[in-house]
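The values are calculated or read from the model by the stated rules, or taken from the named source; none is laboratory data. Just so you know, these numbers come straight off a predicted model, no measurement behind them. Virtual Cβ from ideal backbone geometry, glycine too; neighbours counted across all protein chains shown.
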């Protein structure tokens, strides 16, 4: 039952993509900015988790929570310093700034601690059990359940809390939301905080699952998570989850078929096909452009 | 009449620059390191000017320029190393194939706008890189040996041709159509301009010169590897155009010269170099989103000195 195994690997990878993609999609939904630095927040989260496990001898869950909190703060700082002034700037200016912030975080981290990779410590026992003929490690079950819990939590925040309501309102129509007395700046900061916290969680999970982290690890998962967000329909939260899972499974299947060097290309081919044939994504609605 | 005067002034200046540098290289005042720096500046200017045509003039935000650089570099290396043809043929073939790649990439993706186009071009560039990574004929990840054929003469002649072609394109009716696409695509569509045609044409011309730069690049470095043509290379080219001013050719040229010199001096400290690059990107976008020169050209400043009203030829 090789295929069940591959499917489970794909879903584990996909849930990491989905967690990162959620941050992209929420930020894009609210200020129409592709936050290129999001992949680097993921990297920073991974390193914070690493240091809290190795230096402070914490367990997986405390490390996860510390990393999420630190990333939330980091995301808000990035937003306040770099993106806030660009609310009314052109899209190209905002995009270039995001690229600049991304490079600054990557090379800032390299400058501080060097470019050498780190090996993530084992936090779970490597036990596994057989299911339908596939070997499933406890680790991947835990990772999957953490991702699912976080996504359910996100759905709860977005749909049941006041902040979530404000976020939906701002993303629907910023001006009208402002007139209704919603504090737009704080809502945008909250969006960044939640998205970055999810990226931080994804970073810790990625580290535990793949065991190797380095300062440039965020680039490729970041771009792929963006692909996942576009695939699901950018700005749509369930879309990001589905897009991430689909992308993870597709990549794993491509690797399993023996084309592991082409794995990265698969994501971009999907991206280009989606952009050309259905730019609004799987869950998106077509919007007509008005003059 | 005035245009032709400007043209001849430019040619004379170019010949002078060429002669001075060539004189110093020939009599040995400038060693290998400096002559290489000059060649590298010329290559970077070609790249900056070719991307300027796509982003600055036509307003299509492409961040995958390194893909076309890679096509030019690999195709020209195949022409000289595997087919044993002369270098000049390699430059032309490299440019042509890159232009073809530009057409193939541009026709589907230029239907997209803004952010989506940026991501699509990034994706295409990455696909091009992965394709080269997987072809054993060109050495895969280990790279391909290329002999050192690029000289200052080749680099400078290519540079001058690039600038002349792009300036002439910009000042022709095609260039004005392209600028109208940049300013407002819907309005220029309504005025009867075939916007898709001009976008694809500008993209293909930009790709052609990126391919030419690729040919010079690969024959200047002894070895080419797919890892040289990643995201970072695209961002390197992007920063030339952004810093110089979106829509300013002389700005792109100046910032290419400036940043190449800076990065040559910081070669030993790649992290510092990237931190400076990224800070420049952020600060320029936050405090001067038009770039150093905006859409002005150097010649516009001369006109400003002469006539207090200012030049009337913006957006060249």
- Of residues in the range A:89-131 being in a helix (DSSP H, G or I) and more than 18 Å from residue B:274 (Cα to Cα), the one modelled with the highest pLDDT: A:94
- Pairs with Cβ under 6 Å, 6+ apart, first in the range A:192-207 and buried (at least 24 other Cβ atoms within 10 Å of the Cβ), second not in a helix (DSSP H, G or I): A:207/A:120; A:207/A:213
- Is the range B:72-85 home to any residue that is under 23 Å from residue B:293 (Cα atoms) and in a helix (DSSP H, G or I)? no
- Among (1) more than 14 Å from chain A (Cβ to nearest Cβ); (2) surrounded by fewer than 18 Cβ atoms within 10 Å (Cβ to Cβ); (3) over 22 Å from the mean Cα position of the chain (by Cα), the one test that residue B:144 misses: (2)
- Message: Given the options B:208, B:235, name the one that is more than 26 Å from residue B:281 (Cα to Cα), out of contact with any strand residue (DSSP E or B) (no Cβ under 9 Å at 6 or more places or on another chain) and crowded, with 20+ Cβ neighbours inside 10 Å.
- Response: B:208
- Query: Any idea how many residues of the range A:166-220 are closer than 21 Å to residue A:115 by Cα, assigned to a helix (DSSP H, G or I) and over 15 Å from the mean Cα position of the chain (by Cα)?
  - Reply: 3
- Scanning the range B:98-141 residue by residue, those crowded, with 17+ Cβ neighbours inside 10 Å and outside any helix (DSSP H, G or I) turn out to be B:110, B:112, B:139
- Message: Looking only at the range A:77-99, count every residue that is under 19 Å from the mean Cα position of the chain (by Cα) and either within 7 Å of another protein chain (Cβ to nearest Cβ) or surrounded by 20 or more Cβ atoms within 10 Å (Cβ to Cβ) (or both) and tell me the total.
- Response: 6
- Task: Taking residue B:95 as the residue in question, decide whether it is within 14 Å of another protein chain (Cβ to nearest Cβ), in a helix (DSSP H, G or I) and surrounded by 24 or more Cβ atoms within 10 Å (Cβ to Cβ).
- Result: no
- Message: Looking only at the range B:258-316, how many residues end up being outside any helix (DSSP H, G or I), touching a helix residue (DSSP H, G or I) at 6+ places or on another chain (Cβ under 6 Å) and modelled with pLDDT under 75?
- Response: 4
- Message: Condition (residue is crowded, with 19+ Cβ neighbours inside 10 Å, touching a helix residue (DSSP H, G or I) at 6+ places or on another chain (Cβ under 7 Å) and at the interface with another protein chain (Cβ under 10 Å from one of its Cβ atoms)) applied to the range A:277-288: is it met by at least one residue?
- Response: no
- Item | Residue identified as under 30 Å from residue A:95 (Cα atoms) and either in a helix (DSSP H, G or I) or modelled with pLDDT under 85 (or both) among B:40, B:61, B:10, B:23 | B:40
- Residues of the range B:110-121 satisfying the condition of being under 18 Å from the mean Cα position of the chain (by Cα) and facing chain A (nearest Cβ under 7 Å): B:118
